[in-house]
Amino acid sequence: MVDADAASPTTDLMVSAITQAIAAHPPSLLETHSTVEAVSIDTLSPTNTEKSGDKYLAFTLNVPDAIALPEASVYKACRDVRGLRQVVEQMGYATGAGCFWLPLVLTAKGPIYGEVIGLAEEYKGKEISEELSLLNLKYQQPVHLADAKRQPLYHLGYRLLQYLSAPPATYLLQFGFKDEKIVFDRLWPYPAAPAIASINIQEPDLFICHWHCLTAKPIFDLTITQPLS
C-alpha cells in the first residue's frame, strides 16, 4: 500500500525492490501464480481488505484506523511524531529535525543495526520534514559515525522498539545531531525512501530484510559490499 499522491521514481523503485525481494524469496505458502501489485491506500476499505484474502504491506504511515493490520499500533505511534518525540524526551534524549537514518532490522532473535544512511552531497542542508518530501531526495550509504555516536544511537533504537512492542520488520530511525549529541526526529516502521540507498550497496538490502523479517526468514548479518570512497 502506498499513498495516493506519492507517485514518483523513488516510489517506483521502492515497489520494484520489495517486489523483487518477494519474487526471489517466496514463502512456502505463496503459490506460483500469485502476483505482487502496488495499490493506493485510498482504494482500500475494511470490507475489501478483510474479504479479499490478500496480504498487505504498508509503505505509508497513512493507514486508516479502520483497516486492521497486525502492526497497526506501531504505525499509529510512528504517525504521531510529536507524541513519539515526547516519549523519547522522557528517555533522556533531545528531539528535533534530522537528516540521517539508522536502519533497525528487527528479526525474531533481536535487532541488527545497519550502516547509517544520509543525504547525497547535492541535497545536504535541505530541510525535510514529511514523507513525500523524502521521495524527492537522493541518499547515500554508508555514513560513517564514530563508535561514541553509534552506541547511544543503537541504545535509543533498541529502547524505542521495546517501548513500541515492535514486531519483526525493517525500521528507519531518523535523527540528527546538536552539539555532537543525538537528536531524535521520528521512526519509520518500514523501509521508507532513504532505504533505496541500500540497493546494490548492502547485502541483503533493506527491502529484502523487511520481507525476511515479515516471513520469519533468518538474517545473520548486514554487509556493505560497495563502501563509499
| message | What are the extents of the Cα atoms of segment 145-229 along their three principal axes, in Å, largest first? | response | 38, 38, 23
| request: Restricting things to alpha carbons, tell me how big segment 146-187 is in terms of Rg and Dmax, in Å. | output: 10.9, 33
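Return the subset of 76/109; 109/149; 124/149; 138/181; 181/217 for which the Cα-Cα distance in this structure is over 29 Å, preserving the input order.
The pairs that break the limit, which is 29 Å between Cα atoms, are 181/217.
Provide the packing ranking of 89-97, 196-204, 150-158, i.e. peptides ordered by the mean count of other C-beta atoms within 10 Å per residue, highest first.
Working: 89-97: 13.8, 196-204: 20.2, 150-158: 16.1.
The most tightly packed comes first, giving 196-204, 150-158, 89-97.
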| field | Ellipsoid semi-axes in whole angstrom, largest first, where each is sqrt(5λ) of the Cα gyration tensor of segment 74-207 | value | 20, 18, 15
| query | So, by mean Cβ neighbours within 10 angstrom, what's the order for 111-119, 179-187 with the highest one leading? | reply | 111-119, 179-187
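Computed from the coordinates by the stated procedures, all read-outs in this text should not be read as laboratory data. Remember, predicted model here, so these are calculated numbers, not experimental data. All Cβ positions, even for glycine, are placed from backbone atoms using ideal geometry, and neighbour counts span all protein chains on display.
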